[in-house]
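Participant: One structure, as C-alpha cells, below. Some questions next.
The values are calculated or read from the model by the stated rules, or taken from the named source; none is laboratory data. Everything quoted here is computed from the prediction, not taken from an experiment. We place every Cβ from the backbone using ideal geometry, glycine too, and count neighbours over all the protein chains shown.
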Amino acid sequence: MTRALALLSCALPLAVLADEKADLRDRQLELLRAEVAGEVQHQAAELLDELVYGWTQKPPFDVDTAVVLAGVSVPVSLGTGLEAYLENHVAGLLTKNRATHVQLVHCPACSAWVVHSGAKGTVVSRGFDDPESLTQAGVASGSKHALFLDFEAEGSSLVLRARVTTLDKTLAIVAARTLTTATSAPAMLRDGERLTSVAEARKQYLEALGGRGLFLVPVRFGVRSFGPGTQTSFNATPFLWVSVGLEAAFSQARAWTASINAGFSWLLQSHVAVMAQGRLARLLSGSTTSLTWPDLYGFVGAGVMFAQGRGVLVFRNTNPTIDEIFNLNTNNEPRTTLGILTIGLELRVKNRISLIGFLETLPALETTDNIGNVLDLGFIRFQSFGVEVSFCF
Amino acid sequence: MRAAPLFMATLCGCVIDPLVFKSKAERRNLDCYRLPEAEAAARFPGQVPPPPAKEIAGPTTDVLVCSKRYLEPDERKARDEAILSSLSQQVNELTESAGALAPPGARWHVDAFYPSAPVAQKIAVAARTTLAERGLVVSDRVPLLAAGDVSVLAAMLPTEAYPTGCARAFATDVLSGDDVFLALMIVDPKETLLHGGLCVRGGWRWLP
C-alpha cells in the first residue's frame, strides 16, 4: 500500500509535467503559425480565398463568363512582387474552382497604355479604361468583363476591394465586394483545390493541432494468401491476422514513417502463428499529409513469421504425407519459421483509417513446389499477397 | 513584416505580457482591442488558456489582443498613412451622405483628387466599391473634361474649381442628366480628412 502511494505520488507530477510540456509546444506552434500566417502576402491570399469561396457559393455570373484580370493593386508602398504573387494566386483559385463561373482570359493589350484619337481629342488610357479603343484596334480579348482587385492596409487590417466591370462604353460595375481581415486573426492558409469556409478551415486546423502526435498505434486486421503450388493440389490456407504495433513519423509532415508490429493468427485445426514485422513508408501523394484528402503511402518491410500446426505442412520443400496430414498429436505438430520481405501501398484517411495492399516474398520458399508465385518479376518473385484494414489510435 | 498578435491577460497572469518590453514607439504602432477570456481562448488556442469552468458563467477576465500595423509609421508619408488608415470609415461616411442626396436610379461616377495618384486611385476605388455594394448603379468610367477646361480649373481655388468643373461637365455633355458625379478630395494640402462633393445636373453640393 505504501509502495503504491509512493508510485502514485511520483506519477502525478510526471503527468502534470507532460501536460505542461504539451501546452508549451501548442503555444510555440500557434505563435510560429501566427507569425507566418500573419504576413501580408498570406493575409492577402486569405482574402482572395474568401472572395473566391464566396463566389463558389454565390457566383457573380449565372453561366461561365470570360473575364480579364484587369488589375491587382497592392497597398501603397508595397512592391510589384506582391502583385505578381496575388495575380498568380487568384488565377490558380479561379482555375481550380469552376463553380465561380469566372473564366480568366488573357488580354495583354487590356492593361497596356493606349492612345486613342477621336473627334473629342486624344485620350491616353489603359485598355480596360477605354474599351472602344481596343475594339477599334482589333485587339479585344473577346471578354466583356474585367476584374479589378485592390488591396490596402488600413492600420492592422488588410482590405480587399474587388469589382467586376463590363468592358463596354458604360464600364458598369456588375459585382463588388469588400473583404477585411479579422483583426489579429492569422490567415487560415486554405487549400485552393477545395476551398472551405473560414469556420471549416479553422475546425480542420484545430483538429490537426489536437491530433498531430508523432506516434500512432495501428491495429491491423488482414488476410494473407499464398500462391497455389505447381506440383500439388494441397494449397496453403489463407492466414487471418490481427496485429498491433507502433508507428513513428519523422516529422509533422508524416512524409516518412516507420512502424513495428506484432501479429497473431489462428485457425482451428490448421495453425497458430505469430509474426514480427517492421515497415518503412514514404508518402507518395504529396510532401505532407492532407487534412481533406486520403494519403497514399508506399512501403517496404521485413519480418519473421513462426507458425505451428498442420496448416504449415506446405511451407516445406517436400510434399506432405498422408500420415502428416492426419497426425492429431499436438506434441508433434509441424513448425516453420519464415523470413518475409514486403512491399505495398497504403491508402490512409486523416491518420485514422487505412486500407493496405501488399505483396510478399518468402526467400525460404522460392524452391518449393508447394507454394507458387502470385507475381514473378524475374528478378524477384512474390509468393504471398494480402490486404489489411488498419485503425490508428 | 507583421508580428503575431500580442496578448495581455489582465488578471490571470497566465500569459506573458509582451507589451512590457515594448518601447513607446513600438506601442504606438499597435492596434489593440479587448476580448472576453473564453472567446480569446477559442480564437487563440495554446496562447490563451481556457478560463476555469466557474468563470464561464460568472464574471470573466478580459484579454487584450494587440496587432502590429501592416506598415511601419515611416513607410508611407504621414498624410497618406492618415488617409489610408481610416479609408473605409471616411469613405463609408461620405458615400452614405452622398447616397441620401442623389436622385434614385442615377448612374454614379466617382473620382478622387489627391496629390498622390496611387492614393487618389485607392480613394476612388473604395468609394466605387462601397456604392456598388449598396446596390447603386456605378460606372468605373471617370468623366474627363477637355484639357483647356482643366488648365483653367487648376488656376482656381478649390472652393470655386469644383462647382465650376461640375457645371462645365454638364454643359459639355461629359455628364448627362442621369449621371451623378461624386468627388472626394482634400481641400487643404495639410489636412488628413477627406471632403466630398456631389455633382447632379450641373449643380454642385458639398457633402456635410
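Participant: Filtering segment A:188-218 down to residues that are modelled with pLDDT of 85 or more and surrounded by 15 or more Cβ atoms within 10 Å (Cβ to Cβ), which residue is farthest from the other protein chains (Cβ to nearest Cβ)?
Facilitator: Only one residue fits best here, namely A:PRO218.
Participant: Can you pull out the residues in segment A:343-360 that are buried (at least 20 other Cβ atoms within 10 Å of the Cβ) and not in a loop (DSSP other than H, G, I, E, B)?
Facilitator: Once the filter is applied, which keeps residues that are buried (at least 20 other Cβ atoms within 10 Å of the Cβ) and not in a loop (DSSP other than H, G, I, E, B), segment A:343-360 yields A:GLY344, A:GLU346, A:ARG348, A:SER354, A:ILE356, A:PHE358, A:GLU360.
Participant: Out of B:ALA126, B:ALA161, B:ALA154, I need the residue that is touching a strand residue (DSSP E or B) at 6+ places or on another chain (Cβ under 8 Å) and either surrounded by fewer than 14 Cβ atoms within 10 Å (Cβ to Cβ) or in the same structural domain as B:GLU93 (by TED's automatic domain parsing) (or both). Which one?
Facilitator: None of the other options fit; the residue is B:ALA126.
Participant: Taking segment A:74-116 on its own, how many of its residues are touching a helix residue (DSSP H, G or I) at 6+ places or on another chain (Cβ under 6 Å) and among the small types (Gly, Ala, Ser)?
Facilitator: So the count comes out to 5.
Participant: Taking segment A:148-162 only, how many residues are in a strand (DSSP E or B) and over 32 Å from the mean Cα position of the chain (by Cα)? If you could, list the steps in order and put the result at the bottom.
Facilitator: Of all residues in segment A:148-162, those in a strand (DSSP E or B) come to A:148-154, A:157-162.
If we keep only those that are over 32 Å from the mean Cα position of the chain (by Cα) as well, we get A:148, A:150, A:152-154, A:161.
Selection size over segment A:148-162: 6.
Participant: In segment B:117-140, what residues are within 8 Å of chain A (Cβ to nearest Cβ) and not in a helix (DSSP H, G or I)?
Facilitator: Selection gives B:VAL137, B:VAL138, B:SER139, B:ASP140.
Participant: If you don't mind, there's one more thing I want to ask. Select from segment A:167-187 the residues that are at pLDDT below 90 and touching a helix residue (DSSP H, G or I) at 6+ places or on another chain (Cβ under 9 Å) and list them in ascending order. Talk me through it step by step, then tell me what you get.
Facilitator: So in segment A:167-187, the residues at pLDDT below 90 come out as A:167-171, A:180-187.
Once the filter is applied, which keeps residues that are at pLDDT below 90 and touching a helix residue (DSSP H, G or I) at 6+ places or on another chain (Cβ under 9 Å), segment A:167-187 yields A:LEU167, A:ASP168, A:LYS169, A:LEU171, A:THR180, A:THR181, A:ALA182, A:SER184, A:ALA185, A:PRO186, A:ALA187.
Participant: Does B:VAL150 satisfy the criteria of being in a helix (DSSP H, G or I), within 13 Å of another protein chain (Cβ to nearest Cβ), aliphatic (A, V, I, L, M) and farther than 30 Å from A:LEU179 by Cα?
Facilitator: In short, yes.
Participant: Any idea which of (1) within 13 Å of chain A (Cβ to nearest Cβ); (2) of a type outside the set (A, V, I, L, M, F, W, C); (3) within 18 Å of the chain's Cα centre (by Cα) is the one B:ASP173 doesn't satisfy?
Facilitator: Tallying (1) within 13 Å of chain A (Cβ to nearest Cβ); (2) of a type outside the set (A, V, I, L, M, F, W, C); (3) within 18 Å of the chain's Cα centre (by Cα), B:ASP173 fails exactly one: (3).
Participant: So which of A:GLU35, A:GLU30 is modelled with pLDDT under 80, closer than 30 Å to B:LYS77 by Cβ and either within 14 Å of chain B (Cβ to nearest Cβ) or in a helix (DSSP H, G or I) (or both)?
Facilitator: A:GLU35
Participant: Any idea which of A:LEU280, A:LEU268, A:LEU313, A:LEU246 is without any contact (Cβ under 8 Å) to a residue 12 or more places away in the chain and over 15 Å from the mean Cα position of the chain (by Cα)?
Facilitator: Checking each option against the conditions leaves just A:LEU268.
Participant: Let me ask you something else. Give me a count of the residues in segment A:259-311 that are farther than 15 Å from A:ARG220 by Cβ and among the hydrophobic types (A, V, I, L, M, F, W, C).
Facilitator: Counting residues in segment A:259-311 that are farther than 15 Å from A:ARG220 by Cβ and among the hydrophobic types (A, V, I, L, M, F, W, C) gives 15.
Participant: Scan segment A:304-319 for residues that are surrounded by 20 or more Cβ atoms within 10 Å (Cβ to Cβ) and modelled with pLDDT of 85 or more and jot them down.
Facilitator: A:MET305, A:ALA307 - these are the residues of segment A:304-319 that are surrounded by 20 or more Cβ atoms within 10 Å (Cβ to Cβ) and modelled with pLDDT of 85 or more.
Participant: Of everything in segment A:69-81, what is surrounded by 17 or more Cβ atoms within 10 Å (Cβ to Cβ) and within 13 Å of chain B (Cβ to nearest Cβ)? Give them in sequence order.
Facilitator: Scanning segment A:69-81 gives A:ALA70, A:GLY71, A:VAL72, A:SER73, A:VAL74, A:PRO75, A:VAL76, A:LEU78.
Participant: If I filter segment B:92-107 down to residues being surrounded by 23 or more Cβ atoms within 10 Å (Cβ to Cβ) and under 24 Å from A:GLY71 (Cβ atoms), which single residue comes out as nearest to the other protein chains (Cβ to nearest Cβ)?
Facilitator: Within segment B:92-107, the match that is nearest to the other protein chains (Cβ to nearest Cβ) is B:THR95.
Participant: Can you tell me how many residues within segment A:46-68 are of a type in the set (D, E, K, R) and surrounded by fewer than 20 Cβ atoms within 10 Å (Cβ to Cβ)?
Facilitator: Of the residues in that region, 3 qualify.
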